[in-house]
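Chemist: Take this structure, written in structure tokens, and hold onto it; I'll ask about it next.
Laboratory data are not the source of any read-out in this text; all were calculated from the coordinates shown. What you see is a predicted model, and the numbers here were worked out from it, not measured in a lab. Here the Cβ positions follow ideal geometry from the backbone for every residue, glycine too, while neighbour counts run over all protein chains shown.
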Amino acid sequence: MRILKWVAAVVVLLVAGAVIAVLTVDVNRFKPQIVAAVENATGRKLDIAQDMKLSLWPLGIGVKQVSFANAAWGSRPQMATVGEFTAQVDLIALLSSQVKIDSLVLNDVDLLLEKDRQGRANWDFAGQKPAPQQQPQSQPAQQSGGTVIPSIENVSLKNVRVAYRDAQTNSQNNVALSELTVKQASGGLLAVKMAADVDGKAITADGTLGSFDDLMSGSRPWPIKMTATLPGAKASVDGSIAQPMQGKGIALKLAVDAPDLAKVAALAGATAPAVPLTLQADVKDTGPQRYALSNIAAKIADSDLSGNAEVNLAGAKPSVRFDLASKNMDVTQLMPKESAAAAKPAAGGGSTAGSSTGGQQRLFSSDPLPLDGLNAVDATGSYKAERLKAPKLDAQGVALNLTLKDGVLNAKPAIANLSNGSLNGDITVNAKSKAMSAKLDGKGVVLSEYLQKAGITDIVRRGGATDLVLDVNSSAASMQQMMAGLNGKMVLKVGEGELKEEYIRDFLPGLARAVSALDRATAKTKLHCVVSGLDFKNGIVTPKAILAETGSMTMTGDGTVNLGTERLDLKLVPSSRDTGLAAMLPPVNVRGSLTDPSFTPDSAALAKGVLGTVAGVAALGPLAILSPAMGSGGDDAATACAKAVALAEGRPVPQSAAPAAGAQPQQQPQSSNPVDNLKRGLGNLLGR
């Protein structure tokens, strides 16, 4: 018992001594050393305005009104100011050489992070530190392995303001943290609660995290279960990270519920439609800076998206691989309202012009295309959609294979059902050379269905199966340069269908006004074919064949269209197998611009009082073979269509059909040679 009394007395004396030492030690005498150490490490001045205070139980230190100087070029004198800082340390753990901070409090913090116009950052202290002093040879260097990392159990931050300014981009962001608390919870977890304002947008978060010890040691997976709310959305993450300090062993489930996507996009300074969005995905790391997103399930308005993707950030530039699919994808619902409105045809059938040059409204914009974005990432993947709806497109069975490597984009779209037809393509865009090439092959697209579904026109009431072959290349710097440098060819073939009555008046009102006799020619609504074969050379469009055949009227044409200047120089020659009607149809000159074409009867033909098909033969050249008066006497609508297709495709023109039974024989046999027909037409025109 005597020994126990001595032990108790010694303990009391030790505790009393420790209390007296703590109460009598003036920690403020260490302020000059603390200030000097900070200045030596950063080259910046640290100012502690008030006295530091030391407490015994719990052991802690407190300081108020601390400021840290900004860079010499900074926009204000202080980089940071702290109203109050308090830290309480676990004394028992400290006796065991462990630094365990029971409580850390920061109040009234104002931190400025900024860059100047030269790109210098005020948090970069390189070049501002004094030259390090050499240690004496006899003093051993401290081993990094001896560094003690403190453990923090409870954190309280209030009224913390962080501002970021970038003079190069003239941008600024502000975060006001009204509250951030981290407290011990059951099961060794930490309960986290946060309320902040980011550039005027309120954001809150709460949930649980693994302990600080597990975070630093990585001895076991570090659990995360957090939910955040922000304007227009709620997001959650649930899972664990095996080695959080190394960013390895990520296994998380992400979920986003955004009733208003527009509000979420506004947080990033972007625009988006005000539609609901839900998203779920599993995230795992598959290697250093490689992340896999699996079981993706997204719903945006009436559209859906599912599949897998992988992002690799380890290379010189990010790369993405994806395999995605949709049952329904309606792009029109995802476009900003102004873009959706621009995609619709203007009232009266006009077009929304891209720009204006010299008083002329331009159809094709001169704004540079965003090709630089193709250099930002490499990508490869596939996408399939059971149904895809976009401006001027409503298709089923859509597939897209895409590769993007070193700024070269190659896309291979395929549509199994586009208005009962199919479409395949191969498109390449090179961001470095600013070049593009496109090949499209469409077969059996029902024109009436396509035009009406796309909201373009109801000129074709029924049928009109269409084939399209397009093979072009050009510059891709802007739409204007693309059209001005276009080279290649196009063949368009529209089969039998039914037209809306008075289709010329509805579709080309200028042409209807120029040729009033077309009213008689449009009474019947049968469409036999429309054929167009075009050659493109440096933006100049030259027709190899132009034919619109209804049986009662045939429209042929020739001339050029300059896509660079957007000027028209065409001659359309309407004709008819009805001799009474044919004598009333003059050729029509089409001039002006693509946005404002003009249609006028050929003045030379009117001056001579010569109407009918032969009045325009001199201008048509070899294409005159497509006119009823210049072809064989036995030509019917089907034969005219076959000839036009042959001309458009560069094949030999087929022989004309024999005269129908009961038809009057021709006074003179007609040759199938277009040159002979041209001579005969000129002879009729000159009265020979």
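Chemist: In percent, what relative contact order does the stretch 192-325 have, based on Cα pairs under 8 Å that are 6 or more apart in sequence?
Modeler: 13 percent
Chemist: Let me ask something else. How big is the dipole moment of the stretch 165-239 about its Cα centre under a simple scheme where the beta carbon of each Lys and Arg is +1, that of each Asp and Glu is -1, and everything else is neutral? Debye, nearest 20, please.
Modeler: So the dipole magnitude of the stretch 165-239 works out to roughly 120 debye.
Chemist: Further question: Within 10 Å, count the other beta carbons around each residue, average over each peptide in 487-497, 318-328, and list them highest first.
Modeler: The densest-packed peptide leads the list: 487-497, 318-328.
Chemist: Moving on to the next point. Provide the gained length on full extension for the span LEU313 to LYS443, in nm with one decimal, where the gain is 0.36 nm per separating residue minus the Cα-Cα distance.
Modeler: Residue separation times 0.36 nm, minus the Cα-Cα distance, leaves 42.6 nm.
Chemist: Further question: Starting from the exponent 0.38 and prefactor 2.2 Å, build the expected Rg for the stretch 199-296 from its residue count and divide its actual Cα Rg by it. Mind showing how you got there, number by number?
Modeler: On the way: Rg = 15.4 Å, N = 98, 2.2 N^0.38 = 12.6 Å.
In units of the 2.2 N^0.38 Å rule of thumb, it is 1.23.
Chemist: Next up: Taking 0.36 nm per residue of separation and subtracting the Cα-Cα distance, what length does fully extending ASP467 through LEU215 add?
Modeler: Length difference between fully extended and current span is 84.3 nm.
Chemist: Let me ask another. Applying 1/(1 + (r/R0)^6) with R0 = 51 Å to the Cβ-Cβ distance of VAL198 and ASN487, what FRET efficiency is obtained, to the nearest 0.05?
Modeler: FRET efficiency, VAL198 to ASN487: 0.50.
Chemist: On to the next question. For the stretch 356-496, what does the alpha-carbon gyration tensor say about shape, rounded, prolate or oblate, given a ≥ b ≥ c as the root eigenvalues, a/c under 1.5 as rounded, and a/b over b/c as prolate?
Modeler: Judged from the Cα gyration tensor, the stretch 356-496 comes out oblate (a/c at least 1.5, b/c at or above a/b).
Chemist: Which order do the peptides 372-383, 163-174 take when ranked by the mean count of other beta-carbon atoms within 10 Å per residue, highest first?
Modeler: Going from most to least packed, we get 372-383, 163-174.
Chemist: Something else now. Given N residues in the stretch 142-241, what is Rg(Cα) / (2.2 N^0.38 Å)? Mind showing how you got there, number by number?
Modeler: Values: Rg = 16.8 Å, N = 100, 2.2 N^0.38 = 12.7 Å.
That works out to 1.33 for the stretch 142-241.
Chemist: Starting from the Cα-Cα distance between LEU402 and ARG76, subtract it from 0.36 nm times their residue separation and give me the gain in nm to one decimal.
Modeler: Full-extension gain reported as 112.4 nm.
Chemist: Taking 7 Å along the Cα-to-C-beta vector as the label spot, tell me the LYS412-SER366 distance in nanometres, rounded to one decimal.
Modeler: Between LYS412 and SER366, the label points sit 3.9 nm apart.
Chemist: Taking the Cβ of SER219 as the center, what net charge do the other residues with Cβ under 15 Å away carry, scoring Lys and Arg +1 and Asp and Glu -1?
Modeler: Residues close to SER219 contribute a combined charge of 0.
Chemist: In the neighborhood of ASP372, defined by Cβ-to-Cβ distances under 11 Å, what is the net charge if each Lys or Arg adds +1 and each Asp or Glu adds -1?
Modeler: Working: positive: LYS432, LYS434; negative: none.
With Lys, Arg at +1 and Asp, Glu at -1, the neighbours total +2.
Chemist: If you don't mind, there's one more thing I want to ask. THR271 to ALA242: FRET efficiency via 1/(1 + (r/R0)^6), r the Cβ-Cβ distance, R0 35 Å, to the nearest 0.05?
Modeler: Working: r = 39 Å, r/R0 = 1.11.
Working from the Cβ atoms, E equals 0.35.
Chemist: Just add up the charged neighbours of PHE536: K/R +1, D/E -1, any other residue whose Cβ is under 12 Å from the Cβ of PHE536.
Modeler: Here the count lands on +1.
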